[in-house]
1. How much area per residue is accessible in region 354-487 when the probe is 1.4 Å and only protein heavy atoms are counted (Å²)?
2. What is the distance, in nm, between label points placed 7 Å from the Cα along the Cα-to-Cβ direction at residue 400 and at residue 207?
3. If I model a spin label at residue 118 and residue 252 as a point 7 Å from the Cα along the Cα→Cβ vector, what separation in nanometres do I get?
4. The chain: longest stretch without exposed GluC sites (Glu not before Pro) (DSSP loop, at most 14 other Cβ within 10 Å), sites themselves excluded?
5. Ranking request for peptides 414-420, 388-394, 219-225: highest mean number of other beta-carbon atoms within 10 Å first, then the rest in descending order.
6. Which order do 31, 427 take by accessible area at a 1.4 Å probe, largest first?
7. Along the Cα-to-C-beta direction of residue 159, a point sits 7 Å from the Cα; which residues of region 169-199 have their amide N less than 20 Å from that point?
8. If each residue of separation counts as 0.36 nm, what is the full-extension length gain between residue 459 and residue 72 once their alpha-carbon separation is subtracted?
Amino acid sequence: MQRRVFLKSAGVAAVSLAGLGSGNLFAKPAKKPNIVFFLIDDLGWTDLSCFGSEFYETPHIDALCKRGMKFTDAYAACPVCSPTRASIMSGKYPARLNTTDWFGAPQPYNVQRHWTRNKPLLPAEYKERLPLEEKTMAEAFDENGYNTYFLGKWHLGHEGFWPEDQGFDVNVGGGHAGNPGSYFAPYTKVNDLPAPKGEYLPERLRKEAAKLVRKDQKGNPFLLYFSMYSVHTPLQTKQVLKKKYKEKKKNMGISNEWITQSGRRVRGVQEHEVYAGMIEAMDNSVGKVVEALKEEGLYEDTVFVFMSDNGGLSTSEGRPTCNLPLKCGKGWMYEGGIREPMFVVWPGVTEPGAVCDFPVTSTDFYPTLLEIAGLPLQPRQHVDGVSFAPLLKGEKKLDRKAIFWHYPHYGNQGGSPSSAVRCGDYKLIEWFESGKLELFNLKEDIGEKNDLADKMPSKAKELHKMLVDWRKEVDAKMPMQNPRHKG
């Protein structure tokens, strides 16, 4: 009989006795790798030194990235957080799950209390939870003998749909909230994380992560899913870090520069000292986990994944970062909203310093990590994921024709209801308010400045049909005309 112990209290590890299995109890099983997944919140494509930033400092992440493969064309499944997070856990597109907006965003039946109430369209109705019927990646690892640990931001449903209900043995700080309320204690929105007043959340979570790494693993491998609240708003950092980057900005001679993208005022250079401090604190968290693994002799037996849940915040809410050369940011269907900094370290397999430009997306993590760990695939679950393990082994491409997005909502950051498809070098966006199609060649125009839809009507038609057919296949919910709109 298997027994499961779930502990919600912060910093206390649960012991799992699942997955002991049967057979020859005296045969020594092959060593399975530990998995450490760093999921960052709202980190932009160029917000790391190893992805081109000259202002932000990320030495620990840069060092880790050099050990593995950097993906230049990696995508989140949605330009906002909850849908992407659901896609990682489920291996399915948000449109298939009907989890297409951040959980807590307006529904069509309550939009009258929201600033979008007079927009041309009513948002599509969506589920505000990751359904328990989905077999999550954590559950797949858990049933195969892994200890499963969650830390940080969950934002995939209210109580009853939390990490401990979705396959994690330990949940440190994860609940329904999309931000911590404050990065300095008391943390008003972080579950079960009592703390002395003034404690800094990134430092607390990295200590909890190190504890889990250092605990007696009882011989079991572990999946540690460190889903940081950083660098989401509120924009808060320690004064010493703010002072550091204020001086750095002065010494570099950087001044505020502003440009316009899609009618929005955006920062034209990275120079926000508070945001820079938040990134350094996030980088230190990664460094502390790596340090703990090295001290425990687990570093060489651990696979690392690093990813952001959507693009950097650039068009609203303080506009803290600059995503150039990409267009716009979080909440938008342009590259700035969906292209992410990503790398994977698979010791002994990935060539250190390797770079891959084949497009991958967040649904792909589920089958990829199962394959890396040598665990059974779940093809009926991760139906929209394609394992990119072959890329990590040196292959140049995967057997997939296209990647899709569907966001039938108005984003807080200015984006509007839309769908998109990327096939090869071409990306097509359909805007639902007007029906307008935009076509871009991302290889030649990463900034999406030159719309080719009128110049290449056959290509636009081809990709649009592909997009429409996909929406039918996944039963994507569409926005509706808003009777309140006068226009």
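The values are calculated or read from the model by the stated rules, or taken from the named source; none is laboratory data. Keep in mind that this is a model prediction, so the values were computed, not measured. Please note: Cβ atoms are built from the backbone with ideal geometry, for glycine as well, and neighbour counts cover all protein chains shown. Calculation scope for accessible area: heavy atoms of the full protein, side chains included, ligands and nucleic acids excluded. Shrake-Rupley method; radii C 1.70, N 1.55, O 1.52, S 1.80 Å.
1. Result: 48 Å² of accessible area for each residue.
2. About 4.0 nm separates the two model spin labels.
3. 4.1
4. 258-394
5. My ranking of the peptides, most packed first, is 414-420, 219-225, 388-394.
6. Largest accessible area first, the residues go 31, 427.
7. Backbone N within reach: 169-181, 187-195.
8. Stretched fully, the residue 459-residue 72 segment lengthens by 136.9 nm.
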